Amino acid sequence: GNILQTLFVALIVGFALQKMGPAGKPVLTAIGHIQALVFRILIMVMWLAPGGAFGAIAAVVGATGVQAIISMATLMIAFYITCILFIVLVLGGILKLFTGVNIFKLMKYLGREYLLIFSTSSSEAALPRLIAKMEHLGISRPVVGVTVPTGYSFNLDGTAIYLTMAALFVATAMGTPLELGEQISL
């Protein structure tokens with residue numbers, strides 16, 4: 001919940017290390033090792049996440065029956081269709097307009113990361129691999145190191161789409177569907 005404060009402190013530390021010059025090199029090396037360790041732990045945890053999700057789903061189905069799966073499947077299918085349309089039409093259009101890059105070529109290149117995101121329902125698990133692939137494409141390490149985490153912090157399109165659809169789902173499930181104006185404002 002303190003992403004902005006963390007980002008601010010990280011920027012201050014980065015500027016301070018840059019001003020230190022060669023004296024800051026050991027600190028940068030240590031931070032690099034700690035970063036690799038944290039990313040490795042994150043990957044290990046995310047590989048265990050599907051087991052936890054299965055247990056939670058099994059408990060709900062055991063308590064409420066198969067209708068819970070049908071309702072959630074409807075929500076998830078609608079969510080994924082909406083995300084695909086948003087990525088291809090909106091983000092793909094912006095990417096093509098400003099860079100000339102085809103969204104489908106980029107998606108093919110990032111296929112494994114998409115599979116990881118899809119299977120864990122979290123883009124955080126793909127962060128280390130995404131950074132590595134962006135560097136592999138030729139984007140400089142400092143640019144990737146700032147833009148990818150910043151994009152993760154400020155550009156939460158998937159989260160916004162999911163929360164909107166979940167709110168509509170819950171309102172309908174509770175028997176009080178939202179009016180069209182309320183849906184649009186949401």
Practice prompt. With a 1.4 Å probe and every protein chain left in place, tell me how much accessible area residue 45 has, in Å² to the nearest 10.
Written response: 80 Å²
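For region 1-54, just say rounded, prolate or oblate: build the C-alpha gyration tensor, square-root its eigenvalues into a ≥ b ≥ c, call rounded for a/c under 1.5, and beyond that prolate if a/b exceeds b/c, oblate if not. Don't skip to the answer; put the middle values down first.
Numbers: a/c = 7.41, a/b = 1.97, b/c = 3.75.
It is oblate, given that a/c is not under 1.5 and a/b is not larger than b/c.
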Fill in: Projected label distance in nm at residue 59 and residue 19, using a 7 Å step from Cα toward the beta-carbon
5.0 nm
Worksheet item: In vacuo Debye scattering of region 42-115, one point per C-alpha: log10 I(q)/I(0) at q = 0.13, 0.18, 0.23, 0.26 Å⁻¹?
Response: -0.63, -0.90, -1.03, -1.11
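Sort 113, 182, 135 from largest to smallest accessible area, using a 1.4 Å probe on the heavy atoms of the protein chains.
From most exposed to least exposed: 182, 135, 113.
Ignoring ligands, DNA and RNA, please state the percent of accessible area on region 58-118 from carbon and sulfur, probe 1.4 Å.
Exposed carbon and sulfur together represent 79 percent of the surface.
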Practice prompt. Could you state the accessible area per residue of the chain in Å², with a 1.4 Å probe and every protein chain left in place?
Written response: 71 Å²
Worksheet entry | Solvent-accessible area of residue 152 with every protein chain in place, 1.4 Å probe, in Å² to the nearest 10 | 40 Å²
Fill in: Where labels lie 7 Å past Cα in the beta-carbon direction, separation of residue 160 and residue 174 in nm
2.3 nm
Discussion item. Using +1 at the C-beta of Lys and Arg and -1 at the C-beta of Asp and Glu, which of 166, 139, 114 has the Cα lying farthest in the positive direction of the dipole of the chain?
Written reply: 139
Worksheet, complete the sentence: Gyration tensor on Cα atoms of region 118-186, a ≥ b ≥ c root eigenvalues, a/c under 1.5 rounded, else prolate if a/b beats b/c, else oblate, says prolate
Discussion item. Can you compute the FRET efficiency between residue 82 and residue 141 using 1/(1 + (r/R0)^6), with r the Cβ-Cβ distance and R0 = 30 Å? Round to the nearest 0.05.
Written reply: 0.30
Item to complete: For residue 3 paired with residue 153, estimate the spin-label separation in nm (one decimal), with each label point 7 Å from Cα along the Cα-to-Cβ line.
Response: 0.9 nm
Fill in: FRET efficiency for residue 11 and residue 37, using Cβ-Cβ distance with R0 set to 22 Å, rounded to 0.05
0.50
Discussion item. Using protein chains only and a probe of 1.4 angstrom, how many square angstrom of residue 133 are accessible, to the nearest 10?
Written reply: 50 Å²
Fill in: Solvent exposure, largest accessible area first (probe 1.4 Å, DNA, RNA and ligands not counted), of 172, 82
172, 82
Worksheet entry | All lysines inside 19 Å of residue 108 as judged from Cα atoms, apart from same-chain residues fewer than 8 positions distant | 96, 133
Worksheet item: Please report, for the Cα atoms of the chain, the Rg to one decimal and the Dmax as a whole number; what are they, in angstrom?
Response: 20.3, 64
Worksheet, complete the sentence: Rounded to the nearest 10, the angle in degrees between the Cα long axis of helix 67-85 and the longest principal axis of the Cα atoms of the chain comes to 50 degrees
Item to complete: Could you tell me how many degrees, from 0 to 90 and to the nearest 10, lie between the Cα long axis of helix 141-154 and the main elongation axis, the longest principal axis, of the Cα atoms of the chain?
Response: 30 degrees
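The values are calculated or read from the model by the stated rules, or taken from the named source; none is laboratory data. Remember, predicted model here, so these are calculated numbers, not experimental data. Every residue, glycine as well, gets a Cβ built from its backbone with ideal geometry; the counts of neighbours run over all protein chains shown. Keep in mind that these areas ignore ligands, DNA and RNA; they rest on the heavy atoms of the full protein, side chains included. Shrake-Rupley method; radii C 1.70, N 1.55, O 1.52, S 1.80 Å.
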